[in-house]
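Take a look at the structure set out below.
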Amino acid sequence: MTPEPGNAQEAEGVLNPGVARGPDGHLYLFPRLVARGNYSRIGIARVLFDRHGDPCGVERLGIALEPEADYERRADGGGGCEDPRITFVEPLRQYVMTYAALSSSGPRIAFAISADLFKWRRLGLASFAVYEGIDFVHVDNKDANLFPVAIANHAGKLQMALLHRPLFPGTRPEETARRNAPRLVDSNHESIWISYCPMPVSTAEIQHLGLFNSHHRLAAPVAPWARLKVGAGTPPVMTPLGWLVIYHGVSEMAGTEAGVHHLCYSAGLMVLSAKHPQQIRYRSAEPILTPTLPQERSGTVANVVFPTGIDRRRDLDLPDRFDVYYGMADNSIGVALLDLPPLLPSRGVAAQPAGKI
C-alpha cells in the first residue's frame, strides 16, 4: 500500500498497520494515515488477494479513528492516532485496538473496542501502577500489544496482559547512538515489558480497562542488530512452539559520519513460553527482515522495516504460514511471508545482557 495521489489524508505516508480477520472472514488493514504536519488518522481497508492467495492490494474503506479525544490532540490543533495493533480478545469476544495517542504530553497507549472492526469505541488511556520506583505513567509509551487470552501473571492469577515499550528519557535510539560502544544496558529502562490488569467481566460494562498493576521486564537489547533499542511489534500468536512475537530492533548503519547517526530498523522473532510468557524460549540472533528493497531504504525515514500486523493463513489451510505486515521507511506498507519451522533452532539469544553490548 502506498500513499494515494491527491489524498490529503495520506500526504506524508501510509504505514505501520494493524490487521485482523473480520467476522466475515475478510482481512482488514488499519494503516496509519499521515497528513501534513504529522497529523495521523487510523484508516480501514480490505486486503485483496490474487488467485494464489497472496495479498496484492487494498480497497480503502474510510477512517476507523481520527484525533477527537483530548489525549489525541495538541493545543496547536495537531495530534494523532498512530500505529494501531488489533487483537481479538477471546474472553470479551471483542476486538481491542491498542494505538499511540499523540497529545501535547507526547505519545501514550490508548485503547478502543469493536465487535465488527467498523465501529470503534474509545476506552481511554492505559493506566499503570508504579513498580519498584519505575513510573510508567509520566513517560512516552508506544508499541503496545494485547494477548488474545487471559495470561498467568507472576502470582499465577489469570489476567489481561499487555506488551509495551516505555520510552524513558535517554532510551530513544537517537540518544543511545551517541554513546560510544560498548555500553551498559539499563534493562529497567530499555526493555519491552509485560504488564497485567484484571480481565473485564462484562463487555457491556467496559468503559475503560483497569489498572495495569503487575509488571515483568521481558526483553532488553541484546544482539548487535538491536543494540540501540527493541520494541514490541506484532500481537502475540499462540503456535506449537509457544507465543510468537515479531519485534523490532534498532542499530546504527555502518559508515556513519562523525556526529551523524544513521539508524536501521530491522525485525526479529521471539518465542515466549506458552504457559509462562514472561519466559523467553527463543530470540533470533540475527534479524529475520532487514531493509533491502528500495521502498525500505528510502522514504520519510530511511532504512526502516517496522512489523505491526500478522495474519495466520488458516484460510489457505496453512496454519504454519504467517503474513507479516510492516511499515516501509515510514511511507508505505509491505507484507512478508513467514513459514514457521516445526522446531525451534538450537541457537538463539534467550537471555538478558550480562554486561556491555
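Odds and ends about this structure:
- As a summary of the residue check, R46 satisfies the conditions (1) open to solvent by 10 Å² or more (accessible area, probe 1.4 Å); (2) over 21 Å from E296 (Cα atoms); (3) touching a residue at least 24 places away in the same chain (Cβ under 8 Å); (4) touching a Phe, Trp or Tyr at 6+ places or on another chain (Cβ under 7 Å) except for the one numbered (3).
- Within region 296-324, the residues that satisfy the criterion of being without any contact (Cβ under 8 Å) to a residue 40 or more places away in the chain and either surrounded by fewer than 20 Cβ atoms within 10 Å (Cβ to Cβ) or at positive phi (or both) are R297, S298, V301, R314, D317, L318, P319, R321.
- Any hit, region 276-289, residues being modelled with pLDDT of 95 or more and open to solvent by 50 Å² or more (accessible area, probe 1.4 Å): yes
- Residue-level check: of (1) at positive phi; (2) touching a Pro at 6+ places or on another chain (Cβ under 7 Å); (3) in contact (Cβ under 8 Å) with a residue 60 or more places away in the chain, R93 misses just (2).
- Candidate set: region 139-162, residues that are over 18 Å from Q94 (Cα atoms) and among the small types (G, A, S); chosen: the one most open to solvent (accessible area, probe 1.4 Å): A155
- Residue tally, condition open to solvent by 10 Å² or more (accessible area, probe 1.4 Å) and either within 30 Å of V89 (Cβ to Cβ) or more than 22 Å from the chain's Cα centre (by Cα) (or both), over region 186-214: 17
- Filter pass, V271 being part of a strand (DSSP E or B), out of contact with any Ser or Thr (no Cβ under 6 Å at 6 or more places or on another chain) and of a type in the set (A, V, I, L, M, F, W, C): yes
- Residues in region 1-34 that are hydrophobic (A, V, I, L, M, F, W, C) and part of a loop (DSSP other than H, G, I, E, B): 2 in all.
- Test: D76 is outside any strand (DSSP E or B), surrounded by fewer than 22 Cβ atoms within 10 Å (Cβ to Cβ) and at pLDDT 95 or above: no
- From the options G37, G62, G57, residue that is more than 26 Å from A161 (Cα to Cα), open to solvent by less than 60 Å² (accessible area, probe 1.4 Å) and either modelled with pLDDT under 95 or not in a strand (DSSP E or B) (or both): G37
The values are calculated or read from the model by the stated rules, or taken from the named source; none is laboratory data. Values in this document were obtained by computation on a predicted structure and should not be read as measured data. With ideal geometry, Cβ positions are generated from the backbone for all residues, glycine too; neighbour counts draw on all protein chains shown. Side chains included, ligands, DNA and RNA excluded: accessible areas come from the protein's heavy atoms. Shrake-Rupley method; radii C 1.70, N 1.55, O 1.52, S 1.80 Å.
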